[in-house]
């Protein structure tokens, strides 16, 4: 390991950071494509620890990551929502002959609501209402039931016998 001098004149361990100002723009674009911190580290040929260090030392880098990830997540959420409720969009049909397009016609394509997308959306947006759960009443009053049993019935329970 080499020793570098910081601006305060103190000796620091490790290599000098290879961060470049262009990385913020590159990171934004990669995050818009869905890149994770691990994938960013691979792209920049550094460790995830270095990516975390850059986030702390370079506010523009951190902001680019946040902006890219938030926009990508918003785009996916928007598409998932459309899929859940159904949507329509323009499409074009092409007629070909001998490998050449001979005619085209625009039309509206209709996509029905997708139940799986709707369930996924609701479970994540309103988990208290939509999560899969089975509620069991834990307030069972056994004392009344036990009091109504005979001594023979209670002894059978203790021995593990069924009635």
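Some points to look at:
- The number of residues in the range 102-142 being modelled with pLDDT of 85 or more and either surrounded by 10 or more Cβ atoms within 10 Å (Cβ to Cβ) or within 30 Å of residue 86 (Cβ to Cβ) (or both) comes to 28.
- Every residue from the range 59-93 that is under 15 Å from residue 24 (Cβ atoms) and in contact with a helix residue (DSSP H, G or I) (Cβ under 7 Å, 6 or more places away or on another chain): 60, 61, 62, 64, 65, 67, 68, 69, 71
The values are calculated or read from the model by the stated rules, or taken from the named source; none is laboratory data. Since the model is a prediction, treat every value here as computed from it, not as a measurement. With ideal geometry, Cβ positions are generated from the backbone for all residues, glycine too; neighbour counts draw on all protein chains shown.
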